[in-house]
1. Scan the range B:68-112 for residues that are within 25 Å of residue A:57 (Cβ to Cβ), crowded, with 19+ Cβ neighbours inside 10 Å, free of Cβ contacts under 8 Å to residues at least 60 places away in the same chain and out of contact with any Cys (no Cβ under 8 Å at 6 or more places or on another chain) and jot them down.
2. If we only count helices (runs of 4 or more DSSP H) wholly inside the range B:6-77, which ones have 2 or more residues that are within 14 Å of chain A (Cβ to nearest Cβ) and farther than 20 Å from residue B:114 by Cβ?
3. Give me the helices (runs of 4 or more DSSP H) completely within the range A:1-96, filtered to those with at least 1 residues that are away from chain B (no Cβ under 12 Å) and under 16 Å from residue A:126 (Cβ atoms), ordered by residue number.
4. Taking the range B:267-294 as the search range and keeping residues that are among the charged types (D, E, K, R) and in contact (Cβ under 8 Å) with a residue 40 or more places away in the chain, which one is farthest from residue B:157 (Cα to Cα)?
5. Going through B:201, B:115, B:128, B:139 one at a time, which residue ends up being surrounded by 24 or more Cβ atoms within 10 Å (Cβ to Cβ) and without any contact (Cβ under 8 Å) to a residue 12 or more places away in the chain?
6. Pick from B:264, B:241, B:237, B:257: which is closer than 23 Å to residue B:156 by Cβ and touching a Leu at 6+ places or on another chain (Cβ under 8 Å)?
7. Out of the range B:167-176, which residues are closer than 16 Å to residue B:122 by Cα and either facing chain A (nearest Cβ under 10 Å) or touching a Phe, Trp or Tyr at 6+ places or on another chain (Cβ under 9 Å) (or both)?
8. Considering only the range A:129-195, give the strands (runs of 3 or more DSSP E) lying wholly within it that have at least 2 residues that are under 15 Å from the mean Cα position of the chain (by Cα).
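Please treat every number below as a calculation from the coordinates, not as lab data. Just so we're clear, the structure is a prediction, and the values are computed from it rather than from any experiment. Here the Cβ is made from the backbone with ideal geometry for all residues, glycine too, and neighbour counts use every protein chain on show.
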Amino acid sequence: MNVFDIIGPVMIGPSSSHTAGAARIGGVARALLGAQPVRADIGLHGSFARTGRGHGTDKAIVAGLLGFAPDDTRLRNALDIAAEQGMQVEIHPVEIDGAHPNTALLHLETAGGRTLEVQGSSVGGGSIRITSIDGMEVQLTGERPTLIVVHQDMPGIIAAVTETVAGWQLNIGSFRLTRQSRGGTAVMALEMDGAVGQEVAAAVSALPHVMHVTLLQPV
Amino acid sequence: MQLEYTSLAALLDAAEQAGKPLSELVLAQQAEELEQDPRQVYDRMARCYQVMADGVEPGCDPALRSTSGLTGGNAAKMKAAVQAGRTLTGPVLGGALTRALAISELNAAMGRIVAAPTAGSCGILPAALLTMEQEKSCARHACVMALFTASAVGLVIAKNACLAGAQGGCQAECGSAAAMAAAAIVELAGGSPKMVGDAVAIALKNVLGLVCDPVAGLVEVPCVKRNAAGVAGAFVAAELALAGIGSVIPPDEAILAMKRVGDAMSPALKETALGGLAATPTACRLRDQLLGRDAWQ
């Protein structure tokens, strides 16, 4: 912890969890999609559903989807701005078994028809955890550059990816791997300590049995 | 530089021995920890201070209202009373109350604020510092530096207790903000490190047991007025400490007491909106109105 964890974040009120954290969930989802969605279906769970309207949780998530920072004063008009920019937004409650009380489940679609499902929770003080991407379990904070590698589950892939990353003298701060089934599709999330460029993602992408790589910059 | 945020007494001893205000030690240490030039760290803090200062005017707009409509417009009333000379306690406390209400109401109305240490308690520390700048002619630079002293207090509380209402009740949130503000005021007024410690202890002791009971679960009632009470409490603690009145219980022990009280507090009184003011008939009626209108179900 440092002094800016005490004095900060600079944010749009009223709540670091229900507003600032919600904006970051939207921001990370946008970054994962790699584009501004034209359609956003936003499911709110628990306290997000019950007190979200009073806390502006809906506006905050949409602000994040529009690429606004959590301290951008346009946040409070985000629903109108989304409408102006042609983003169709649907907001409704959802019940997600075992989810953190401040959780959102987003279904996004780009103009090109690409879709993405992201589940994230606001865990306090504006910090978040992205817990699932397209149904695959992850644990992302969005605080550090993160490589998300979707690949075939088979021997040697982790070594190949970490070796590639090491080639850029990059240190891995946290590593997590989950798979749907043995030999099926797996997803690796590497949170990095230093700055990570697109060339690193491209190199990992080029590895055999790697299906898709997303480089998530801090939000 | 070796500086750990585990004991306020140790930090204040270090300041005493260095013959410097605590803020200078904290800035130097944080620059090392963040691997940045002290100037950069100072400038970042100065930008936080500017956001705080910029919040007062929009917060005093008589037409300001929160999304729920529960709060807004009270800072304007307080400001009018101060300007008309209609206050009992004069422009220092009146000004502090106005600024605390303004920033807290701005937060509720989705304005831009700095969590200090939380969004729910964001009016207290800015109100204390801006009042010292504007009513007591403290330099802007000194006020920004005082934020480092306040942060050090916050870091010690975070390490040994907590800063979240959900964990420790309002004493942990507005109480910590008041303790941080009291430390900042004492440093700005030229008090000794010992006086800073006394002010922190007194501020915390005076709100021990304060519960977090937000009506309808929103950061509005009673939060906005507790920000006004918080800055008043900070000035009370600072005024006593500056007069040479010591705290019998040392600040680190007061912080631990706050943690134990928080641990003993019923979950109904820790931001769940199930107890305290949130469970009164009026609060329940408001909650039903607001949730009926506001929830997505």
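1. B:72, B:106, B:109, B:110, B:111 - these are the residues of the range B:68-112 that are within 25 Å of residue A:57 (Cβ to Cβ), crowded, with 19+ Cβ neighbours inside 10 Å, free of Cβ contacts under 8 Å to residues at least 60 places away in the same chain and out of contact with any Cys (no Cβ under 8 Å at 6 or more places or on another chain).
2. Details: elements: B:8-18, B:22-33, B:38-59.
It comes to B:8-18, B:22-33.
3. Working: elements: A:3-6, A:21-33, A:47-55, A:57-65, A:78-84.
Passing ranges, in order: A:21-33, A:57-65.
4. Step one: of the range B:267-294, the residues among the charged types (D, E, K, R) are B:270-271, B:285, B:287-288, B:293-294.
Still in the list and also in contact (Cβ under 8 Å) with a residue 40 or more places away in the chain: B:270-271, B:287, B:294.
Details: B:270: 17, B:271: 19, B:287: 32, B:294: 35 Å.
Of everything passing the filter in the range B:267-294, B:294 is farthest from residue B:157 (Cα to Cα).
5. Values: B:201 fails: without any contact (Cβ under 8 Å) to a residue 12 or more places away in the chain; B:128 fails: without any contact (Cβ under 8 Å) to a residue 12 or more places away in the chain; B:139 fails: surrounded by 24 or more Cβ atoms within 10 Å (Cβ to Cβ).
Sole residue among the options that is surrounded by 24 or more Cβ atoms within 10 Å (Cβ to Cβ) and without any contact (Cβ under 8 Å) to a residue 12 or more places away in the chain: B:115.
6. Working: B:264 fails: touching a Leu at 6+ places or on another chain (Cβ under 8 Å); B:241 fails: touching a Leu at 6+ places or on another chain (Cβ under 8 Å); B:237 fails: touching a Leu at 6+ places or on another chain (Cβ under 8 Å).
After ruling out the rest, the residue left standing is B:257.
7. If we filter the range B:167-176 for residues that are closer than 16 Å to residue B:122 by Cα, which is where we start, we get B:169-176.
Across the range B:167-176, the qualifying residue is only B:176.
8. On the way: elements: A:136-140, A:146-152, A:172-179, A:185-192.
Where strands (runs of 3 or more DSSP E) fall fully within the range A:129-195 and carry at least 2 residues being under 15 Å from the mean Cα position of the chain (by Cα), they are A:136-140, A:146-152, A:185-192.
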